[in-house]
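Working notes for the structure below.
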Amino acid sequence: MTENDVKQRLKQLSMEIRAADQQYYQDDAPILSDAQYDALRRELNDLEANYPHLVRADSPSKSVGAKASGKFGKITHRVPMLSLDNAFTDGDVEDFTARIKRFLNLPEDTVLEFSAEPKIDGLSAAVRYENGVLVSGATRGDGQVGEDVTANLITLDTVPKKLSGDDWPEVLEIRGEVYIDHADFDAMNEAQIAAGKDAYKNPRNAAAGSLRQIDPSVTAGRPLKFFAYTWGDISAPLSDTQMGAVDAMKRWGFSINDLMRVHNSAAEMIAHYHDIETARSGLGYDIDGVVYKVNDLALQARLGFVSRAPRWAIAHKFPAEKAITIVNDIEIQVGRTGSLTPVAKLEPVTVGGVVVSNATLHNEDEIKRLGVKPGDTVEIQRAGDVIPQILRVTKDGGLPAFLYPTKCPVCGAEAKNDIDPKTGRVDIVRRCTNGMNCPAQAVESLIHFVSRRAFDIDGMGEKQIEAFYQKDLVKQPADIFTLEARNDDIGLQTWEGWGTTSAQNLFDAINARRNVDFDKFLYALGIRHIGQGNANLLAKHYLSWNKFYEALLSIDSEASPAWIDLMAIDGVGAGAANAVKEFLQSDNNKTMIADLLKEVNVVDAEAPSSDSAVSGKTVVFTGKLEKFSRDEAKAKAQALGAKVSGSVSAKTDFLVAGPGAGSKLKKAAALGVKVLSEDEWLTFIE
Ligand code: IVH
């Protein structure tokens with residue numbers, strides 16, 4: 001793979017993972033199977049590990065899940081609720097234990113304890129106690145902000161309202177998994193069907209749907225249970241060990257998993273994994289793997305986190321389930337950026353208890369790689385949740401090959417694969433060339449514009465945008481904000497499914513978004529490569545929309561100061577820079593933005609605050625460190641807001657030099673860079 005291939009792939013992976021996160025966390029309607037999702041995450045992690053300089057600012061490895069959905073109040077987690085990295089093979093587990101010892105600078109033969117427990121397939125929740133009394137409960141949301149589901153969590157018998165015993169800390173936030181067991185799930189679905197409602201697809205979706213009921217009395221009638229396995233904000237340590245902490249939770253009245261054990265080696269952990277795998281079908285609740293955690297909490301603290309997951313834990317996942325079915329058809333969907341995405345329509349088949357009928361084929365290359373055609377018999381794979389992956393064709397159906405369209409199936413305009421002007425490489429994604437004149441692109445862009453992470457207009461979703469678009473009432477973003485003023489002609493309250501109140505609610509929701517943060521505004525424009533991460537980086541750099549817009553319009557060559565400034569932003573790559581420049585310089589977009597700015601006010605971004613002595617400083621480590629591994633030293637510096645670089649330059653603020661330092665030390669001396677010993681550095685950061 002060339003670096004450009006890697007960049008393209010990282011971009012594609014980011015997009016797919018984000019879409020899947022959104023569906024999974026926000027809509028309770030997963031589009032990918034767990035195994036498929038894990039495969040994407042693994043590929044992303046591997047590529048990022050091998051090409052750290054190509055890691056995207058908006059990489060999903062830097063965040064967890066999707067934003068809170070807005071129906072409930074919000075609770076900001078005082079300690080972020082993170083995710084877990086995955087292991088798939090015995091080798092991955094051995095690497096995990098070895099990696100931890102290396103990070104802690106411990107000899108390979110050191111015996112370290114790890115806890116091992118089932119990974120429950122439900123949804124995580126946090127419950128907060130003050131002086132032993134339950135005060136609030138939240139979902140994970142995006143890991144930073146969750147939904148306030150206190151009234152709903154209170155209805156669970158397994159969530160104590162008052163803690164037992166008296167040795168709990170004054171502030172105690174317990175985290176665990178809300179789930180529904182198999183017997184209860186079956187009974188609940190029978191009742192759903194009897195009441196003429198749709199059955200839930202699986203216990204996880206049923207648990208998510210049941211917990212996020214606006215009316216807590218509905219939740220109370222649902223068979224939800226809570227397993228406790230970790231903690232968030234606490235005013236005093238629970239124990240010295242993971243196992244000790246979980247024992248304490250049990251004493252205080254929480255349900256804990258009785259398959260949790262402590263082991264001394266990867267071999268013991270793997271043996272336990274296989275025992276749990278054998279017991280899996282008889283457990284009575286869904287699990288999708290085994291979680292291993294470093295048992296010693298002092299070591300956990302030293303290990304810390306890498307972006308979205310702790311270094312001290314890993315989830316060892318079970319293999320995916322497979323089935324054979326027929327591809328009835330291949331359909332092409334057109335996305336916001338004109339991308340044509342093939343979707344395989346499958347003869348419905350039950351895999352692991354769930355009926356599946358769709359599989360995404362990603363792009364033309366994937367169809368070629370698999371050699372799949374309508375009429376073929378294929379092996380598919382899924383685990384945990386819906387939409388499976390096609391693994392291979394098992395029988396040729398004898399029908400002609402699928403002809404990938406050269407015209408957009410929605411507007412009929414030419415569809416082609418872009419060619420990168422610099423590298424001459426052909427993009428794997430074919431796109432409709434009709435821009436906003438293509439109804440599919442226009443509608444998808446408008447849906448993106450109002451979506452949760454963009455303008456977040458309550459009550460304005462896919463259905464509404466499609467209806468307004470079809471009636472020629474909303475063709476571009478500004479039109480959304482003039483709907484109310486045009487309502488004498490539109491008469492929204494008279495439309496089917498609308499009334500005076502709902503129409504007014506929509507107008508109020510639109511008006512509530514007339515002041516919009518710079519990063520959200522930029523993200524909402526739906527520019528290629530400008531995800532939330534890049535939008536945020538750009539907003540933090542330019543602070544004001546006007547400054548940004550003027551700078552971008554002034555770029556006329558790669559020698560323009562504004563271009564050089566843009567390219568120097570850490571994390572913004574050439575692809576994103578080019579895309580944003582081209583988008584803003586297009587005449588159509590200039591008009592679209594000018595119209596929009598008559599309706600909305602873009603709020604300036606805040607400059608990042610710096611409160612640690614090394615925040616924003618560039619540090620280089622060289623020579624042998626004695627107290628920490630190089631990785632631990634780097635992680636600590638980054639956690640304090642410093643940038644860690646591999647080479648000394650005039651931009652370096654500190655060189656931390658241990659014994660054996662050589663050329664870097666000389667260079668630092670020559671450039672007058674401040675040199676510190678490991679101990680001096682430690683004193684300095686403390
Ligand atoms: S520990 C800092 N233990 O898996 C991470 N998580 O993929 C703390 N989960 O968000 C998580 N069973 O929803 C942990 N025994 C267990 C778990 C578990 C299920 C879920 C949890 C987490 C997700 C990560």
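The values are calculated or read from the model by the stated rules, or taken from the named source; none is laboratory data. Small disclaimer: the values here were computed from a predicted structure and weren't measured. Quick reminder, even Gly has a Cβ in these numbers, built from the backbone with ideal geometry, and neighbours come from all protein chains shown.
When you go through (1) of a type in the set (A, V, I, L, M, F, W, C); (2) farther than 22 Å from L44 by Cβ; (3) touching a helix residue (DSSP H, G or I) at 6+ places or on another chain (Cβ under 9 Å); (4) within 15 Å of the ligand (Cβ to nearest atom) one by one for I120, which number turns out not to apply?
That leaves (3) as the condition not met.
State whether one or more residues within region 194-208 are within 16 Å of the ligand (Cβ to nearest atom) and in a loop (DSSP other than H, G, I, E, B).
Scanning region 194-208, I find at least one residue that is within 16 Å of the ligand (Cβ to nearest atom) and in a loop (DSSP other than H, G, I, E, B), so the answer is yes.
State which residue pairs qualify: first residue more than 16 Å from the ligand (Cβ to nearest atom) and inside region 83-103, second residue among the hydrophobic types (A, V, I, L, M, F, W, C) in any location, beta carbons under 7 Å apart, and separation of 6 or more residues or different chains.
Pairs that qualify, where the first residue is more than 16 Å from the ligand (Cβ to nearest atom) and the partner is among the hydrophobic types (A, V, I, L, M, F, W, C), are D90/I270; E94/A266; T97/L112; T97/A266; K101/L112; F103/L303.
Condition first: over 28 Å from E321 (Cα atoms), of a type in the set (A, V, I, L, M) and surrounded by 15 or more Cβ atoms within 10 Å (Cβ to Cβ). Now tell me which residues in region 388-418 satisfy that.
Those that are over 28 Å from E321 (Cα atoms), of a type in the set (A, V, I, L, M) and surrounded by 15 or more Cβ atoms within 10 Å (Cβ to Cβ): V410, A413, A415.
What are the pairs with Cβ atoms under 9 angstrom where one residue, in region 307-318, is under 14 Å from A639 (Cβ atoms) and in contact (Cβ under 8 Å) with a residue 60 or more places away in the chain and the other, located anywhere, is near the ligand (Cβ under 10 Å from one of its atoms) and part of a strand (DSSP E or B)? Sequence gap at least six, or different chains.
Close Cβ pairs satisfying both conditions: P310/K293; R311/F305.
For I314, indicate whether it is modelled with pLDDT of 95 or more, within 11 Å of the ligand (Cβ to nearest atom), of a type in the set (A, V, I, L, M) and assigned to a strand (DSSP E or B).
yes
Looking at A478, A485, A442, can you tell me which residue is modelled with pLDDT of 95 or more, over 19 Å from K520 (Cβ atoms) and under 30 Å from the mean Cα position of the chain (by Cα)?
A442
For residues that are among the hydroxyl-bearing types (S, T, Y) and surrounded by 11 or more Cβ atoms within 10 Å (Cβ to Cβ), tally how many sit in region 553-568.
Result for region 553-568: 2.
The conditions are (1) within 13 Å of the ligand (Cβ to nearest atom); (2) modelled with pLDDT under 95, and K293 fails exactly one of them. Which is it?
Of the numbered conditions (1) within 13 Å of the ligand (Cβ to nearest atom); (2) modelled with pLDDT under 95, the odd one out for K293 is (2).
Would you check if Y542 is among the hydroxyl-bearing types (S, T, Y), crowded, with 17+ Cβ neighbours inside 10 Å, out of contact with any Leu (no Cβ under 8 Å at 6 or more places or on another chain) and more than 22 Å from I17 (Cα to Cα)?
Yes.
Say whether the condition of being in a helix (DSSP H, G or I), in contact with a helix residue (DSSP H, G or I) (Cβ under 9 Å, 6 or more places away or on another chain), of a type in the set (K, R) and under 13 Å from V614 (Cβ atoms) is met by at least one residue in region 634-644.
Yes, there is a match, as at least one residue in region 634-644 is in a helix (DSSP H, G or I), in contact with a helix residue (DSSP H, G or I) (Cβ under 9 Å, 6 or more places away or on another chain), of a type in the set (K, R) and under 13 Å from V614 (Cβ atoms).
Would you mind stating whether V159 is within 15 Å of the ligand (Cβ to nearest atom) and in contact with a Gly (Cβ under 9 Å, 6 or more places away or on another chain)?
no
In region 202-250, how many are surrounded by 18 or more Cβ atoms within 10 Å (Cβ to Cβ) and of a type in the set (S, T, Y)?
Within region 202-250, residues that are surrounded by 18 or more Cβ atoms within 10 Å (Cβ to Cβ) and of a type in the set (S, T, Y) number 5.
Test V291 against the stated conditions and say whether it is without any contact (Cβ under 8 Å) to a residue 60 or more places away in the chain, in a strand (DSSP E or B), among the aliphatic types (A, V, I, L, M) and more than 30 Å from L446 (Cα to Cα).
Criteria not met by V291.
Among the residues of region 42-73, what is the count of those that are within 16 Å of the ligand (Cβ to nearest atom), surrounded by fewer than 22 Cβ atoms within 10 Å (Cβ to Cβ), at pLDDT 80 or above and closer than 22 Å to N534 by Cβ?
So the count comes out to 1.
Can you tell me which residues in region 564-578 are touching a helix residue (DSSP H, G or I) at 6+ places or on another chain (Cβ under 9 Å) and part of a helix (DSSP H, G or I)?
D565, L566, M567, A574, G575, A576, A577
As an exercise: evaluate T683 against (1) among the polar types (S, T, N, Q); (2) surrounded by 12 or more Cβ atoms within 10 Å (Cβ to Cβ); (3) outside any loop (DSSP other than H, G, I, E, B) and give the number of the one condition it does not meet.
Checking T683 against (1) among the polar types (S, T, N, Q); (2) surrounded by 12 or more Cβ atoms within 10 Å (Cβ to Cβ); (3) outside any loop (DSSP other than H, G, I, E, B), the one that fails is (2).
With respect to A298, determine if the residue is out of contact with any strand residue (DSSP E or B) (no Cβ under 6 Å at 6 or more places or on another chain) and within 16 Å of the ligand (Cβ to nearest atom).
no
Taking the stated definitions as given, is I324 exposed (fewer than 15 other Cβ atoms within 10 Å of the Cβ), of a type outside the set (S, T, N, Q) and either in contact (Cβ under 8 Å) with a residue 24 or more places away in the chain or within 13 Å of the ligand (Cβ to nearest atom) (or both)?
yes
How many of the residues making up region 99-142 are within 21 Å of A206 (Cα to Cα) and of a type outside the set (D, E, K, R)?
Here the count works out to 12.
Going by the structure shown, is A577 in contact with a Phe, Trp or Tyr (Cβ under 9 Å, 6 or more places away or on another chain), among the small types (G, A, S) and either surrounded by 15 or more Cβ atoms within 10 Å (Cβ to Cβ) or under 23 Å from S445 (Cβ atoms) (or both)?
Answer is yes for this residue.
Quick check on my filter: what residues within region 486-510 are surrounded by 13 or more Cβ atoms within 10 Å (Cβ to Cβ), among the polar types (S, T, N, Q) and farther than 21 Å from D456 by Cα?
Those that are surrounded by 13 or more Cβ atoms within 10 Å (Cβ to Cβ), among the polar types (S, T, N, Q) and farther than 21 Å from D456 by Cα: N487, Q493.
Select, from G143, G137, the only residue that is crowded, with 23+ Cβ neighbours inside 10 Å, touching a residue at least 12 places away in the same chain (Cβ under 8 Å) and either within 28 Å of the chain's Cα centre (by Cα) or closer than 29 Å to R280 by Cα (or both).
G137
Please go through region 104-117 and pick out each residue that is more than 9 Å from the ligand (Cβ to nearest atom) and under 13 Å from K317 (Cα atoms).
A116
Enumerate the pairs (first residue in region 175-187 and within 13 Å of S255 (Cβ to Cβ) and within 14 Å of the ligand (Cβ to nearest atom); second residue anywhere and part of a helix (DSSP H, G or I) and of a type in the set (K, R)) with beta-carbon separation below 8 Å, excluding pairs fewer than 6 apart on the same chain, so at least 6 apart or on different chains.
Y179/R204
Go through region 369-482 and tell me which helices (runs of 4 or more DSSP H), entirely inside it, have 3 or more residues that are more than 24 Å from M15 (Cβ to Cβ).
Because the criterion is at least 3 residues that are more than 24 Å from M15 (Cβ to Cβ), the helices (runs of 4 or more DSSP H) in region 369-482 that meet it are 462-470, 477-481.
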